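The values are calculated or read from the model by the stated rules, or taken from the named source; none is laboratory data. Because the structure is a prediction, the values reported are computed rather than measured. Glycine gets a Cβ as well: all are built from the backbone with ideal geometry, and neighbour counts include every protein chain shown. Note: areas computed on protein heavy atoms with side chains; ligands, DNA, RNA excluded. Shrake-Rupley method; radii C 1.70, N 1.55, O 1.52, S 1.80 Å.
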Amino acid sequence: MRTQPTSRDVARAAGVSQATVSLVLGDKWRGRVSERTAGLVREAARELGYRPNLAARSLRLGRTRTALLVVPALTNEFFARVYSGAARVAAEHDFGVVLYPSPDGIGRARDPFDSARAALDGVIASSMAADALAALQGTGLPLVMLDSDPAEPGPAARVNLDIADGIRQVTDHLLGLGHRRFVHLASVVDSWTFAVRARALTDALRHSPDAEVRTVPSALTVDAARRATEQALTAPGPRPTALICDDDILAAGACKAARRLGLRIPDDISVAGFDDLALATALEPELTTVQLPAEQVGERGMAALLAVLEGREPETGDLPVSLVVRGSTAPPAL
C-alpha cells in the first residue's frame, strides 16, 4: 500500500528544512521565508498530495481550530448567509465553524458543550443572540460581536453594518417621492440593531416638519405583520401613504394586509423593507429594500476572530449598505 506523504517528504522534494515546510503550510512564512521558497514548498506539497495532520497540529498548538457562531435562528436567510461567509474564510485557514441557534432568538441558551474552553477557540455572535453567551462567560474565549452596540464593553472585536445609513437612504427615497404620512412597522425584538433603525428614522424625518410617523410593533412573522398593518391602515384619521418595515418578512406581511384591504401597491400605498432577502423579489410588485451584505458580515467576523487569535488588529469600520429601489414604492396618490 502507498503510504501518505509526510512533511519530511515535502521538505526533501522542495530542498528545504521541515521547519520551513511547517512555516509555509501553516501560513506563517511571511518575513521568514522568501516568496520563491514558499512557492516551491506549496508546489511540492501539491505534487505529492500532502495534507497536514490537523489533529496533531491542534494538539501541538493547544487549539481545536473551531469557532462557535451563535445566531438567533437557523431558518432566517440572513443568518444562513452570515454562516456561509464565516465558513468560507474559516475553511481557508483550516478552521471549522459550529453553528448554534439561541432557542428564543434573544434569550439565554444552554452551553452547547460540556466545556466550551476545551472545545472552542473563539465565539462569533450576533447582537440578537448576545444573551445566549451567558453560559459561556468566564471561559476566557475571544468574542467577536456582529451588528452590536459599540458602546458595550467586552468583545475583542466588532463587525457592524451601517444600519442608520440604510434607514436614511430609504427615508430620503420616500420623502423624495413626496410621502409625508408614514407607518414604521417595527420589530418587537429588543436588540441594538432594531433600536438603531427606530432612532435613525426619527432623525431622518426631523428635517421634514410636515412629515409624521406612527410606530406599530410586530413580531417577526408574516402573519403578525399582516395583523399589525391591517390595524394601522384601518385606524381613524388620514391613511398613511408609506410603510417603512424593519425587515423584509415584516414587509411581506404588510403587502398581504394591503391586498386584503383592497389597496394597490404602490398606487395606494408604498412599502419598503430591510435586508434584501430572496423574499424581496418573490413579492409582486418586487420590494424596495435595503441590501445588507450578510456574507461579508460573516467573512469579516471570522477574519476578526482569526486576527485576535494571532495577536493582530482586526479590520475596523462599518460595512456599507445600499438601497435597492423596486416596484413597491412610488409617489403617493393625489
- Item | Hits in region 159-212 (condition: among the basic types (K, R) and in contact (Cβ under 8 Å) with a residue 60 or more places away in the chain) | R180, R181, R197
- Taking region 245-275 only, how many residues are among the polar types (S, T, N, Q) and either open to solvent by 10 Å² or more (accessible area, probe 1.4 Å) or assigned to a loop (DSSP other than H, G, I, E, B) (or both)? 0
- Filter region 212-223 for residues that are crowded, with 17+ Cβ neighbours inside 10 Å and more than 23 Å from the chain's Cα centre (by Cα) and give the result. V213, V216
- Query: Among the listed residues T215, T229, which satisfies the condition of being over 22 Å from D318 (Cβ atoms) and not in a helix (DSSP H, G or I)?
  - Reply: T215
- Residues of region 161-196 that turn out to be among the charged types (D, E, K, R), open to solvent by less than 50 Å² (accessible area, probe 1.4 Å) and farther than 18 Å from V297 by Cα, as a count: 0
- Out of curiosity, is T316 free of Cβ contacts under 8 Å to residues at least 24 places away in the same chain, out of contact with any Gly (no Cβ under 6 Å at 6 or more places or on another chain) and either acidic (D, E) or surrounded by fewer than 17 Cβ atoms within 10 Å (Cβ to Cβ) (or both)? yes
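For every residue, the table says whether it meets (1) among the basic types (K, R); (2) at pLDDT 85 or above; (3) surrounded by 13 or more Cβ atoms within 10 Å (Cβ to Cβ).
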{"site": "Y50", "(1), (2), (3)": "no, no, yes"}
{"site": "T64", "(1), (2), (3)": "no, no, yes"}
{"site": "A73", "(1), (2), (3)": "no, no, yes"}
{"site": "N76", "(1), (2), (3)": "no, no, yes"}
{"site": "G96", "(1), (2), (3)": "no, yes, yes"}
{"site": "S102", "(1), (2), (3)": "no, no, yes"}
{"site": "L120", "(1), (2), (3)": "no, no, yes"}
{"site": "Q137", "(1), (2), (3)": "no, no, no"}
- Message: Could you tell me how many of the residues in region 6-39 are part of a helix (DSSP H, G or I), aliphatic (A, V, I, L, M), surrounded by 13 or more Cβ atoms within 10 Å (Cβ to Cβ) and over 38 Å from the mean Cα position of the chain (by Cα)?
- Response: 4
- Task: Any residue in region 73-85 that's within 14 Å of V222 (Cβ to Cβ): show its pairings with residues that are open to solvent by 30 Å² or more (accessible area, probe 1.4 Å) and not charged (D, E, K, R) at Cβ separation under 8 Å, as long as the two are six or more apart or on different chains.
- Result: E77/A278; E77/L279
- Query: Which one is farthest from R81 (Cα to Cα) among residues in region 229-244 that are open to solvent by 10 Å² or more (accessible area, probe 1.4 Å) and of a type in the set (A, V, I, L, M, F, W, C)?
  - Reply: A235
- Item | Sole exception among (1) in a loop (DSSP other than H, G, I, E, B); (2) at pLDDT 95 or above; (3) open to solvent by 50 Å² or more (accessible area, probe 1.4 Å) for S328, by number | (3)
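Conditions (1) of a type in the set (K, R); (2) touching a residue at least 24 places away in the same chain (Cβ under 8 Å); (3) touching a Cys at 6+ places or on another chain (Cβ under 8 Å), marked per residue:
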| position | (1), (2), (3) |
| --- | --- |
| E230 | no, yes, no |
| G237 | no, no, no |
| C245 | no, yes, no |
| A252 | no, yes, no |
| L261 | no, yes, no |
| G273 | no, yes, yes |
| A278 | no, yes, no |
| L287 | no, yes, yes |
| P293 | no, yes, no |
- The correct count of residues that are out of contact with any Lys or Arg (no Cβ under 7 Å at 6 or more places or on another chain), of a type outside the set (V, I, T) and open to solvent by less than 10 Å² (accessible area, probe 1.4 Å) in region 281-297 is 1
- Taking into account only those residues within region 201-211 that are surrounded by fewer than 13 Cβ atoms within 10 Å (Cβ to Cβ) and of a type in the set (D, E, K, R), which is farthest from V189 (Cα to Cα)? D210
